[in-house]
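The structure appears right after this line, and notes come after that.
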Amino acid sequence: MTPPASAPVLDIHDMTVAYHRKPVLWDIDLTLDAPSLVGIIGPNGAGKSTLIKAVLGLVPLATGDVRVFGKPVERQRLAIGYVPQRESVDWDFPASVLDVVLMGTYGQLGFLRRPGRRERQWALACLEHVGLADLAQRQIGQLSGGQQQRTFLARALAQRAQIYLMDEPMAGVDAATERVVFDLLRELRADGKTVLVVHHDLRTVPEYFERVVMLNMRLVATGPVETTFTAENLHKTYGGRLPILEAAGEALRRQERSE
Amino acid sequence: MNLVPSYNTLIVLAGTSLLGAGAGLAGCFAMLRRQALLGDALAHAGLPGLCLAFWLWGERSLPVLLLGALVSGIAGIMAIAAIGRFTRVKQDAAIGIVLSTFFGAGMVLSRMIQNRVSSGSRAGLDSYNLGKTAGMISTDVYLIGGIALVALIMIVALYKEFKLVSFDPAFARVQGWPATALDLLLTLLVAIMVVIGLPAVGVVLMAAMLILPAAAARFWTDRLGVMLVLSALIGAGIGGLGTLASAQFSLSPAGPVIVLVGTAAFTVSLLIAPRRGVVARVLAETAYHRRLDEQKVLAGLREAEGDEPLAVELPPWRFAATAGRGARRRRAALQRLMVQGFVRPILGGGFSLLPSGQQRADLVERGRKLWVALLLRYPELAHGYAELDAETIDDLLPAKIVAELEADMASAAPEWSP
């Protein structure tokens, strides 16, 4: 299961994605050599979600290819964890919180095998990790937004992946959930995992991430936060949108203070 | 009245029950994947294929006719998918267009056939519009039973895969499941179920057989497994009951009767199911408001009495004299509290808490403080304990958290002790 040290964690080469002949992402080249916490930022419509969906094979590539630990994504399914946007499913579906987290173990189980006691205990441990163990038997529709988000995080944890892709896990959640997500990112990183997070709050970028991918239909810049998350690159990514740049400016000032 | 069913009735009964069970199983997935209308489109789109098969094959051979219906039904679904994919027409419009076009074509075809063939088999095709259960023979029942059994085995074997792909197809694909194939398999299951139901229930009403049991079952449970079992049972029940009722009251064809029995099952579920049912919701709402009113009155009396254990006269305006709905509800609450022995009236006006009322008021007070402490310490937990009530907070919160909150309260408000 442990990948060879030589292959990059993620290698995106010459990726272009188009919806109905309208390009959404152009010529993306992106290589992550070592495990890292990566924030993907950019204005609305910049293709942030599309980037991770393209990596996951959920949207077709017009050109290019993606490799995870040196192999095509289709052959690395068990190494990849996914946290979709919360709104992507119907929460009135007849399932309990534990049912949903157990879905994370399905990939390892394969066809026909049912989740057993071992999977159950593991799923409960994952729920414990995001602070939802008490609600394991709840119907998922009875959860608050933040709790639903954490259920998805627990499901991703249950996948025991090496690389996680998360689509706005901190959008519209309460402070406690944001804290849970943040702590989880740190723990995953400490375990040698790689996490790519579509993120919208520029103020927290320096605090949360080691590297940034700055995106606006094309790759504007990528690299360590200290050298890449600069006023110049932000301007290139967001153009002259003042409120966003002000928020970013605040983040930059904080970053400078902490150095 | 003939209470002992004949052999023929038994055959039909077995057929409609098995059909109901199979449609109930397939319908759960159709409904959860928001494809309920697709079943309707399928049934209508099956008619031209059925007619063509009748024309080409000549005489009535059920498997061939059904195969024809299946092929044109699937062609209809593919037409809907194609319209959605290559044009800007939305799915509901596409379903409407395809459904009526195919049905119209089927009607024209059936007229053309009936004008050509001898009058003896004229009724053959018309019966597919509303179904003709009475014509069912034992081989039909074997066919229906066989397909229902295959559906059951498939759902048992692929339960986890079907559940995943119905809930979150993108996640299924990320895990490497052949989500598209699983999706097609489920759609095919629905298509086959709809098609074998055509002779019995008919093109027009088959969608109801698919949707009603699943929609009724959803009211009773929050678990997919339970929902599937219930839906199959409800489907079998309405198929059987509808057939019996139609035989008993000489209402033929049985299809519409079966659908009406299904509607009754759905309506009953909608009304009386615990928690999700309308009655349960209204009752819970009313009970909740009553409790809230009682708690307010108890708290008001407790506050008026202060820490004095003795009865203190309550200014009568507090509950009695103010006008409006709120005052009426508080008066009603006060009356209930008196009947239950929590409060007694005092001579000369006013009310006083009895010892049991004092106890309950203390409980309410403590619950409220715990609630506030919970909100302060775990603001994000509040939603998860939505059904918490000041009086039941102790039972519903884990003991660990209650102890923690009590510690919080002790440090924040040293004057308060339980």
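The values are calculated or read from the model by the stated rules, or taken from the named source; none is laboratory data. Being a predicted model, the structure only gives us computed values, none of them experimental. Counting neighbours? That spans all protein chains shown, and the Cβs are built from the backbone with ideal geometry, glycine included. Surface areas here come from the heavy atoms of the whole protein model, side chains and all, with no ligands, DNA or RNA. Shrake-Rupley method; radii C 1.70, N 1.55, O 1.52, S 1.80 Å.
Only one entry of A:16, A:31, A:2 meets the criterion of being surrounded by fewer than 22 Cβ atoms within 10 Å (Cβ to Cβ), over 17 Å from the mean Cα position of the chain (by Cα) and at pLDDT 90 or above, and that entry is A:16. Taking the stated definitions as given, is residue B:299 open to solvent by less than 40 Å² (accessible area, probe 1.4 Å), under 30 Å from residue B:366 (Cβ atoms), away from every other protein chain (no Cβ under 14 Å) and not hydroxyl-bearing (Ser, Thr, Tyr)? Judged against the criteria, residue B:299 is a match.
Scanning segment B:271-282 for residues that are more than 28 Å from residue B:8 (Cα to Cα), small (Gly, Ala, Ser) and either away from chain A (no Cβ under 14 Å) or crowded, with 20+ Cβ neighbours inside 10 Å (or both) turns up at least one hit.
Give segment A:41-53 a look and list any residue that's small (Gly, Ala, Ser) and either more than 22 Å from residue A:202 (Cα to Cα) or surrounded by 14 or more Cβ atoms within 10 Å (Cβ to Cβ) (or both), or say none.
Just the residues of segment A:41-53 that are small (Gly, Ala, Ser), to begin with: A:42, A:45-47, A:49.
Listed by number, the residues that qualify are A:42, A:46, A:47, A:49.
Quick check on residue A:38: is it β-branched (Val, Ile, Thr), within 14 Å of chain B (Cβ to nearest Cβ) and buried (at least 18 other Cβ atoms within 10 Å of the Cβ)? Steps first, please.
Values: β-branched (Val, Ile, Thr): yes; within 14 Å of chain B (Cβ to nearest Cβ): no; buried (at least 18 other Cβ atoms within 10 Å of the Cβ): yes.
Here the answer is no, as residue A:38 does not meet what is asked.
Residues checked against (1) free of Cβ contacts under 8 Å to residues at least 60 places away in the same chain; (2) assigned to a helix (DSSP H, G or I); (3) not small (Gly, Ala, Ser):
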{"site": "B:47", "(1), (2), (3)": "no, yes, yes"}
{"site": "B:54", "(1), (2), (3)": "no, yes, yes"}
{"site": "B:67", "(1), (2), (3)": "yes, yes, yes"}
{"site": "B:75", "(1), (2), (3)": "yes, yes, no"}
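Residues of segment A:99-117 that are more than 7 Å from chain B (Cβ to nearest Cβ) and open to solvent by less than 10 Å² (accessible area, probe 1.4 Å): A:100, A:101, A:102, A:104, A:105.
Within 20 Å of residue B:27 (Cβ to Cβ) and without any contact (Cβ under 8 Å) to a residue 40 or more places away in the chain - does that describe any residue in segment B:235-253?
Narrowing segment B:235-253 to residues within 20 Å of residue B:27 (Cβ to Cβ): B:235-243.
The next check asks that each one be without any contact (Cβ under 8 Å) to a residue 40 or more places away in the chain; those that pass are B:241.
Yes, segment B:235-253 contains at least one residue that is within 20 Å of residue B:27 (Cβ to Cβ) and without any contact (Cβ under 8 Å) to a residue 40 or more places away in the chain.
Within segment A:46-60, the set of residues being at negative phi and in contact with a Leu (Cβ under 9 Å, 6 or more places away or on another chain) comprises A:46, A:48, A:50, A:51, A:52, A:53, A:54, A:55, A:56.
Take the residues in segment B:1-40 that are without any contact (Cβ under 8 Å) to a residue 60 or more places away in the chain and in a helix (DSSP H, G or I); name whichever of them is least open to solvent (accessible area, probe 1.4 Å). The residue in question is B:10.
In summary, residue A:88 fulfils each of the numbered conditions (1) within 14 Å of chain B (Cβ to nearest Cβ); (2) modelled with pLDDT under 90; (3) more than 24 Å from residue A:192 (Cβ to Cβ) with the single exception of condition (2). Of the set (1) away from chain B (no Cβ under 14 Å); (2) surrounded by fewer than 24 Cβ atoms within 10 Å (Cβ to Cβ), all apply to residue A:175 but (1).
Conditions tested, residue by residue: (1) more than 8 Å from every other protein chain (Cβ to nearest Cβ); (2) of a type outside the set (Ser, Thr, Tyr); (3) open to solvent by less than 70 Å² (accessible area, probe 1.4 Å); (4) more than 23 Å from residue A:191 (Cα to Cα).
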{"residue": "A:55", "(1), (2), (3), (4)": "yes, yes, yes, no"}
{"residue": "A:63", "(1), (2), (3), (4)": "yes, no, yes, yes"}
{"residue": "A:67", "(1), (2), (3), (4)": "yes, yes, no, no"}
{"residue": "A:72", "(1), (2), (3), (4)": "yes, yes, yes, yes"}
{"residue": "A:82", "(1), (2), (3), (4)": "no, no, yes, no"}
{"residue": "A:122", "(1), (2), (3), (4)": "yes, yes, no, no"}
{"residue": "A:131", "(1), (2), (3), (4)": "yes, yes, yes, no"}
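Scanning segment A:117-138 turns up no residue that is under 19 Å from residue B:223 (Cα atoms), part of a helix (DSSP H, G or I), among the charged types (D, E, K, R) and under 19 Å from the mean Cα position of the chain (by Cα). Taking segment A:133-158, which residues are at the interface with chain B (Cβ under 10 Å from one of its Cβ atoms) and within 23 Å of residue B:400 (Cβ to Cβ)? Hits for segment A:133-158 are A:133, A:134, A:135, A:137, A:138, A:142, A:143, A:144, A:146, A:147, A:150.
Selection of segment A:89-98 for residues being without any contact (Cβ under 8 Å) to a residue 40 or more places away in the chain and open to solvent by 20 Å² or more (accessible area, probe 1.4 Å) yields only A:90.
Residue A:182 satisfies every condition listed in (1) surrounded by fewer than 22 Cβ atoms within 10 Å (Cβ to Cβ); (2) of a type in the set (Phe, Trp, Tyr); (3) within 9 Å of another protein chain (Cβ to nearest Cβ) except (3).
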